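The structure appears right after this line, and notes come after that.
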Amino acid sequence: MKSATTWIATAFVLAFGAAPAMAADWGGVKDMGGGVPIPVPAPAPVPTYDADSDWYIGLTLGGNLLTDANIKDIDIDNLGASSTAPLARSGSDVPSQMIYGLVFGRYFTPSLRWEVAIDYSPDTQISRDGTVNYSATNRAFNTGDGGTDTTTYDVARQETVQLSRTTALFNVLYDIPTGTRFTPYIGGGLGVTWRRMTRSYSEASGCTGSSNSLDPTLYSGGGCSPYLPTASSLSGSDTKNQIDLAAAVQAGIATELTNSIIWDNGWQMLWEGGSLTSSASSIAGTNRFSFKNSVLQQFRSGIRIKFD
């Protein structure tokens, strides 16, 4: 029993002796009463703008919805006088034309960006469909009396005149901040347009009568001037390529699908300078088909991918 009492007393002495060391290890009673320290959360990252990495590329589809252009089909006779032929469409009658585009650009501020936009529009017909019947005249000097012979013809002519274009514009655009994923924008650009006009034609015609400026009775019997063709059947083709100045204004709205993918829907008004003219043969002398002073109303929709 005495031995047991001795062992119990020894245990208490050892326990009280170890208490200060344990208290030091645990931080003391005061620390234990405060609980486990709560970590302070790190501050949220502040968005930064990196002007050296905000590049983007994109693909575009769209259409030329309305063409306002001066389209003319002119016959020029042997003496240089001109008259209107009816093969040209009016500008408002030109069919809609697809647009296939590629853009690449860069933000140089959070709201201001530049881009290079390259668009291609395939052939669209700017001449009237089918065979057109009309009356035409041609003139030549009558070497017999020195007067001028004029011959009138019935003409049946078929023309297929098509126009394609590739435009390259340098645009500067301003994105209007809204604080949402929808961002309206406005802009403008300057560049070049490369247009290609191709035409094929066929014509059949015959003389319906001639007259002479000095002798009104010379062909009164229904004869035709020997100094001008009396009938014609011809066909041919011609191609004209030309590069001219182009300018545009744009407006639209961009929808942020993700941080890097933007859906862009916009309107563009494109102006093209210069006159594109193709010449071909005709019973009336020379036929000239021209397309100039064009303004196109275009809708364009595409996806832009931004590299942050």
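Odds and ends about this structure:
- Extension gain from Thr286 to Thr239, taking 0.36 nm per residue of separation minus the Cα-Cα distance: 15.4 nm
- On region 72-189, 56 percent of the accessible area sits on carbon and sulfur atoms, based on a 1.4 Å probe.
- With the simple model of a label 7 Å out from the Cα in the direction of the Cβ, Asp129 to Thr230 spans 3.8 nm.
- What you get for region 106-249, charging only the Cβ of Lys and Arg (+1) and of Asp and Glu (-1), is a dipole of about 720 debye around the Cα centre.
- Fully extending the segment from Thr143 to Arg181 would add 5.7 nm, taking 0.36 nm per residue of separation and subtracting the current Cα-Cα distance.
- Expressed as a whole percent, the accessible surface of region 209-308 that belongs to carbon and sulfur atoms is 56, based on a 1.4 Å probe.
- Across region 192-308, Cα-Cα pairs farther apart than 18 Å form 71% of the total.
- Local electrostatic count at Ile283 - Lys and Arg +1, Asp and Glu -1, tallied over other residues with Cβ under 15 Å: -4
- For Ile262, neighbours were defined as the other residues whose beta-carbon sits under 13 Å from its Cβ, and their charges (Lys and Arg +1, Asp and Glu -1) total -2.
- Considering only Cα atoms, the convex hull volume of region 264-308 works out to 133 Å³ per residue.
- Of all aspartates and glutamates in the structure, the ones whose alpha carbon falls short of 20 Å from that of Lys292, not counting any fewer than 8 places away in one chain, are Asp68, Asp73, Asp75, Asp93, Asp119, Asp123, Glu159, Asp238, Asp244, Glu272.
- Taking Lys and Arg as +1 and Asp and Glu as -1, the other residues whose beta-carbon sits under 14 Å from that of Thr198 total +2.
- Surface accessible to a 1.4 Å probe, per residue, for the residues of region 78-227, Å²: 47 Å²
- For the peptides 131-140, 93-102, the ranking by packing is 131-140, 93-102, with the highest mean count of neighbouring Cβ atoms within 10 Å listed first.
The values are calculated or read from the model by the stated rules, or taken from the named source; none is laboratory data. Model, not experiment: these values are computed from the prediction. Please note: Cβ atoms are built from the backbone with ideal geometry, for glycine as well, and neighbour counts cover all protein chains shown. Areas reflect the complete protein model, heavy atoms only, side chains present, ligands, DNA and RNA absent. Shrake-Rupley method; radii C 1.70, N 1.55, O 1.52, S 1.80 Å.
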